[in-house]
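S.K.: Please find one structure pasted underneath; my questions will follow.
Rule-based calculations on the coordinates, nothing more; no lab input. Since this is a predicted model, take the numbers as computed values, not measurements. Virtual Cβ from ideal backbone geometry, glycine too; neighbours counted across all protein chains shown.
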2 protein chains.
Amino acid sequence: MEPLQVIAAPRRLRILELVWDRELAAGDIAAQFDVSWSAVSQHLTVLKEAGFVTERRAGNSRIYRADKAALGSLRAVVEDHWRTSLDRVKDLAEAEQRTADERKGKRG
Amino acid sequence: MEPLQVIAAPRRLRILELVWDRELAAGDIAAQFDVSWSAVSQHLTVLKEAGFVTERRAGNSRIYRADKAALGSLRAVVEDHWRTSLDRVKDLAEAEQRTADERKGKRG
DNA sequence: CTGGTATTTAAGTTGTATCTAAAATAGACT
DNA sequence: AGTCTATTTTAGATACAACTTAAATACCAG
């Protein structure tokens, strides 16, 4: 998969942030989300194949961690993303509101 | 739309590259692709709403151009992608050249 | 005004990435 | 061996972004 596609999926971006500066077992990652472990596992596979996370086995767990160097120019994008994500949620909500308003009144 | 999503669509990335350092009319952009003008127009709208291209009117044409500054950290990603694509072309050309050399009986 | 070109908007179709659920795998422990 | 736990893989459902076609808009020329 193309590097850009890999980090463009919001769930994968959040996973990447979770293992940005610490190791985490797959289960600990999955526990952060309201989706099945299977879904998270599939995302981890994509991230691993892209080289954006490393995997190591410990007991019967698999432990993941971001490989920042592998991200190249995408690294700054990831770092930017979480710095601005809260603001962006607000902006998107406002944009939604404007769209809804325009539908009601066709050209404001 | 999220900046990352905007750039992650391959068609939009190529459009952005087309208008990277020159102005182009919507029609000239659409002519580069094997999809309908409508589809290209929709992509241009997304790029414009993200702020990644500027639009100006000239006669009955609309002329677009990339706004590199607006891309922030994504700028490097676009440039990387473009360079990588060019490298791919170059690699193919070199492979062709090697094949030609071998036909002549040249070095290994 | 009419006709023509450039482009967008509207409405509906389709391909595909993400998801769920269930079965399979791998290692630890007894 | 057998059974735990952690995780992946397979198979199939779903949601959504990119597309198509057709109609609408905007601008220019006669």
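S.K.: Taking the radius of gyration and the Kirkwood hydrodynamic radius from Cα positions alone, what is the Rg/Rh ratio for the range B:5-65, to two decimal places?
M.R.: Numbers: Rg = 10.4 Å, Rh = 11.3 Å.
My calculation of the ratio gives 0.92.
S.K.: Please work out how much length the chain gains when fully extended from residue B:83 to residue B:70, using 0.36 nm per residue of separation minus the C-alpha to C-alpha distance, in nm with one decimal. Before the final figure, lay out each step's value.
M.R.: Working: separation 13, 0.36 × 13 = 4.68 nm, distance 1.99 nm.
Using 0.36 nm per residue and subtracting the Cα-Cα distance, I get 2.7 nm.
S.K.: Once you put a point 7 Å from the Cα of residue B:11 and another 7 Å from the Cα of residue A:34, both along the Cβ direction, what distance in nm separates them?
M.R.: Between residue B:11 and residue A:34, the label points sit 3.2 nm apart.
S.K.: Taking amide H positions as placed 1.01 Å from N in the peptide plane, with prolines and chain starts having none, which residues 5 or more places from residue A:25, or on another chain, fall under 5 Å of its amide H?
M.R.: HN-HN under 5 Å from residue A:25: A:64.
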